[in-house]
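Written out below as structure tokens is the structure these notes cover.
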Amino acid sequence: MQMSKDRFGPFLLVAILVTGVVGLSDLVRAQALPADVATRIDQLLVAESNHTSQGTPVPVVDDETFLRRVFMDLVGEPPTTEDVIAFSLDGTVDKRSRLVRQLLADASYGRNWARYWRDVIMYRRSDERALLSVRALESYLTDAFNNNTSWDKLTTEFITARGDIRENGKTALIMAQLGRPEETVAEVSRIFLGIQIQCAQCHDHPTDRWTREQFHELVAFFPRVAVRPKRDDGMLNFEVVASDSPIENRSRSTNNRYRGTPEHRMPDLENPEARGEIMKPVFFLTGDEVPVGSLDADRRSQLADWITDSTNPWFARAFVNRIWAELVGEGFYDPVDDLGPGRKCSSPKTLDYLAASFRERGHDIKWLFATILSTDAYQRASRRRRNVEELPFQANCAQPLRADQLYSSLQAVLEIPESNATSGRQRSSRFSPRNSFNAVFGFDPSTRRGDVAGTIPQALMMMNSPRINQYATAENGRMLGRLLREVTDDRQAITELYLRVLSRQPTDKEVNSCLKYRRDLRDRGEAFEDILWALINSAEFLHRK
């Protein structure tokens, strides 16, 4: 990330005054956003909550809280001290919307959300070898989000992907399930439609209307797909392939799927030895179908068209619901990947309006972010998660930072060099510092955020990590050591530390507590090391509030 001097000032002036410049199309679209879209969302939420008869929405947050919140949500790391000061001194009424547009244009926006979707795809992987595709997946998604590739195009590319998994990140979704059709279509439905049809694999869905036959008709879009091992300079690798050969693979093994089959057969539960009935590819939401014998490319491209079609309400709803939940702290449906006709939506008119607006704008992802971040629902102060009896969206909800956000925050605050964290071939290694950190702090983003709890290994890593302790010292060459040399007044040094770590000014009580600790300990360096350690281990640092 660039320092504040590159984010504020001339860049904003150019973004506001210049139109038609290559590379600014996304900013121009965001600036042209109708002012009443976010307002209408807030109005619908109020109307659907019975005029707040059971509660009063909390006020919007102050500038310091908003600044850190939007930095963490969009670019995955906290603002610099210079960012905090510049934002607080900016007296313009539209500074929040301008900040959002600026961060959406920052390269770290794409990287942050690439890591989010990497986890969405990889946390439900069926085999550890799928991790070989992670580096290509992150690179592909980073470019796609920064270029504002539409969500329908991204979806189509995942569904129709072929090729080398280390080179083509689009293959990661299929690789995550090793090309097995049943697992692949379950993830396609869950991620892109928010419908967990996999529960109908062995029997009719117990709580939804989907039948076992409908599940296997969906599987029939993918039987010709396989993941084939290959060797590149002695390094294990895989490629996603598809075969339209009429020769059927008679192997009963489900552990390795190295070649596809012409058609999918639904197993006969009463006679497992039987070959099973050949299933026609049918899209369960509409009944649209392609003929048995169709080419793989025709099957998958047609399925992608039906999933992303503007007449399919679940495609836009699933994405909008997920992003809203990540930003506001609670989705219209909970959990975010379990929607469907039989599920209860907390504010259906609001979701339908936002999803329809998202479709009308061509599934423009940056537009959706700019819209949600403009609402009062997003900008309200955080409160505890509500009880089921309480009204939804009366406050934002504090979110535990995702592992990458937390590690990037530590890097930014302690000035841990990125080159030492993820460089060269180490970047793809599961034992790199970042990946080792993710192994302890990571969680499935589709999990209800209220169910994500801290663990003892996480606390021990924050306390005992050699990498953190190496940089959280007052020694020469470290952030804290430099700060203490440059700022000799203890009160001012405490303020600087709070601005750097928590992106806000300390309260008088906090300043006085820190000063007392400093006097009691006497050793200035040791006292400030303890203060820094306390701040990076605080709930405020570990969460986005």
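The values are calculated or read from the model by the stated rules, or taken from the named source; none is laboratory data. Bear in mind the structure is a predicted one, so any value in this text is a computation, not a measurement. Here the Cβ is made from the backbone with ideal geometry for all residues, glycine too, and neighbour counts use every protein chain on show.
So for the range 418-427 (the condition being at pLDDT 90 or above and of a type in the set (S, T, N, Q)), does at least one residue qualify? Looking through the range 418-427, none of the residues is at pLDDT 90 or above and of a type in the set (S, T, N, Q). Kindly indicate which of T495, T488, T455 is loosely packed, with under 14 Cβ neighbours inside 10 Å, among the polar types (S, T, N, Q) and modelled with pLDDT of 95 or more. Of T495, T488, T455, the one residue that is loosely packed, with under 14 Cβ neighbours inside 10 Å, among the polar types (S, T, N, Q) and modelled with pLDDT of 95 or more is T488. Taken over the range 275-290, the criterion of being part of a loop (DSSP other than H, G, I, E, B) and either modelled with pLDDT under 85 or not hydrophobic (A, V, I, L, M, F, W, C) (or both) is satisfied by R275, G276, K280, P281, T286, G287, D288.
Please work out which residue is nearest to the chain's Cα centre (by Cα), limiting yourself to the range 528-538 and to residues that are in a helix (DSSP H, G or I) and in contact (Cβ under 8 Å) with a residue 12 or more places away in the chain. First the steps, then the outcome.
Of the range 528-538, the ones in a helix (DSSP H, G or I) are 528-536.
Imposing the further condition that a residue be in contact (Cβ under 8 Å) with a residue 12 or more places away in the chain reduces the set to 528-533, 535-536.
Working: F528: 34, E529: 33, D530: 33, I531: 31, L532: 29, W533: 28, L535: 25, I536: 23 Å.
Per the criteria, the residue is I536.
When R299 is tested against the conditions (1) closer than 30 Å to A398 by Cα; (2) buried (at least 18 other Cβ atoms within 10 Å of the Cβ), the lone failure is (1).
Do you know which residues across the range 296-337 are of a type in the set (D, E, K, R) and farther than 17 Å from D444 by Cα? Please lay out each step first, then the result.
Keep residues of the range 296-337 that are of a type in the set (D, E, K, R), which gives 296, 298-300, 305, 309, 317, 322, 326, 330, 334, 337.
Passing the criteria: D296, D298, R299, R300, D305, D309, R317.
Selection of the range 107-147 for residues being surrounded by fewer than 20 Cβ atoms within 10 Å (Cβ to Cβ) and more than 25 Å from F238 (Cα to Cα) yields A107, S108, N147. Within the bounds of the range 65-74, is there any residue that is more than 24 Å from T495 (Cα to Cα), surrounded by fewer than 16 Cβ atoms within 10 Å (Cβ to Cβ) and not assigned by TED's automatic domain parsing to the domain that holds M479? No - not one qualifying residue is present in the range 65-74.
Of the residues making up the range 377-422, those that are farther than 25 Å from M462 by Cβ, without any contact (Cβ under 8 Å) to a residue 60 or more places away in the chain and in a helix (DSSP H, G or I) number 1.
In the range 342-362, the residues that are among the hydroxyl-bearing types (S, T, Y) reach residues that are assigned to a loop (DSSP other than H, G, I, E, B) with C-beta atoms within less than 6 angstrom, at least six apart or across chains, in these pairs: S346/F332; S346/P392; S347/F332.
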